[in-house]
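J.: Can you keep this structure in mind? I'll have questions shortly.
The values are calculated or read from the model by the stated rules, or taken from the named source; none is laboratory data. Predicted model only: the values in this text are computed from it and were never measured. No Cβ is skipped: glycine too gets one built from the backbone with ideal geometry, and neighbour counts run over all protein chains shown. Only protein heavy atoms, including side chains, enter the accessible area calculation; ligands, DNA and RNA are left aside. Shrake-Rupley method; radii C 1.70, N 1.55, O 1.52, S 1.80 Å.
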Amino acid sequence: MSAKAVLRFVKYKITRDPDRERTWRARCVSGDEEECGAESMVFGGDEDPIDWMAEHAKETGHTRFERTYKDYALVEKVE
């Protein structure tokens with residue numbers, strides 16, 4: 001007895017959801033034994049966390065940061 005399998009591949013398109021806000025944030029990870037941990041607020045543009053990091057570096061001498069970008073996506077089947 002033989003089995004047959006039918007495989008159907010579906011293509012999807014992924015796009016940014018224009019109805020949802022993109023956000024940026026920065027966190028200071030400088031430190032030898034422990035990270036500084038200072039965090040910026042959540043910003044709606046990428047320039048603001050850059051300014052925050054520059055100001056934090058100026059005030060503390062810290063130079064290592066984690067940057068986080070968040071957006072929302074739509075997944076749509078391609079016909």
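J.: List the chymotrypsin sites (Phe, Trp or Tyr not before Pro) in the chain that DSSP assigns to loop (not H, G, I, E or B) and whose Cβ has at most 16 other Cβ atoms within 10 Å. Which are they? Mind showing how you got there, number by number?
T.: Details: sites: Phe9, Tyr12, Trp24, Phe43, Trp52, Phe65, Tyr69, Tyr72; in loops: Phe9, Tyr72.
Passing both the DSSP loop test and the Cβ count: Phe9, Tyr72.
J.: By the scheme Lys and Arg +1, Asp and Glu -1, what is the net charge of all other residues having a beta-carbon under 13 Å from that of Lys77?
T.: Values: positive: Arg8, Lys11, Lys13; negative: Glu76, Glu79.
Around Lys77, the surrounding residues sum to +1.
J.: Here is a further query. With θ taken as phi - 60° and the coefficients 6.51, -1.76 and 1.60, list the Karplus ³J(HN,Hα) couplings across the range 9-23 in order, rounded to whole Hz; mark glycine and proline as x.
T.: After applying 6.51 cos²θ - 1.76 cosθ + 1.60, I find 9, 10, 8, 10, 10, 10, 10, 5, 6, x, 8, 10, 7, 8, 9 Hz.
J.: Then there is this: Return a whole-number percent for the relative contact order of the chain, with Cα pairs under 8 Å and 6 or more residues apart as the contact set. If you can, show how the numbers build up before the last one.
T.: Values: 114 pairs, mean separation 35.3, N = 79.
Answer for the chain is 45 percent.
J.: Just to confirm the number: angle between the C-alpha axis of helix 47-60 and the first principal axis of the chain, 0 to 90 degrees, nearest 10?
T.: 40
J.: What is the local net charge at Glu35, summed over the other residues whose Cβ is closer than 12 Å to its Cβ (Lys, Arg +1; Asp, Glu -1)?
T.: -3
J.: Heads up, I need the accessible area for Leu74: 1.4 angstrom probe, whole protein in place, Å², nearest 10.
T.: For Leu74, solvent-accessible area is about 60 Å².
J.: On the full set of protein chains, 1.4 Å probe, figure out the accessible area of His62 and give it in Å² to the nearest 10.
T.: Its heavy atoms expose roughly 50 Å² to the probe.
J.: I'd like the trypsin sites (Lys or Arg not before Pro) in the range 50-79 restricted to DSSP loop residues with at most 14 other Cβ atoms within 10 Å, sorted by number. List each step's numbers first, then the result.
T.: Values: sites: Lys58, Arg64, Arg67, Lys70, Lys77; in loops: Arg64.
Answer by residue number: Arg64.
J.: Count of lysine pairs in the chain with Cα atoms under 30 Å apart, counting only pairs 8 or more residues apart in sequence or on different chains? Walk me through the numbers before you get to the answer.
T.: Details: Lys4/Lys13; Lys4/Lys77; Lys11/Lys70; Lys11/Lys77; Lys13/Lys70; Lys13/Lys77; Lys58/Lys70.
Lysine pairs satisfying the spacing and distance rule in the chain number 7.
J.: Another question, then. Calculated from DSSP H runs of 4 or more alone, at -39500 (n - 2.57) each and per residue, what is the 222 nm mean residue ellipticity of the chain, nearest 500? Intermediate results must be reported in sequence, preceding the final value.
T.: Details: 1 runs with 14 residues, N = 79.
Per the formula, -5500 deg cm²/dmol.
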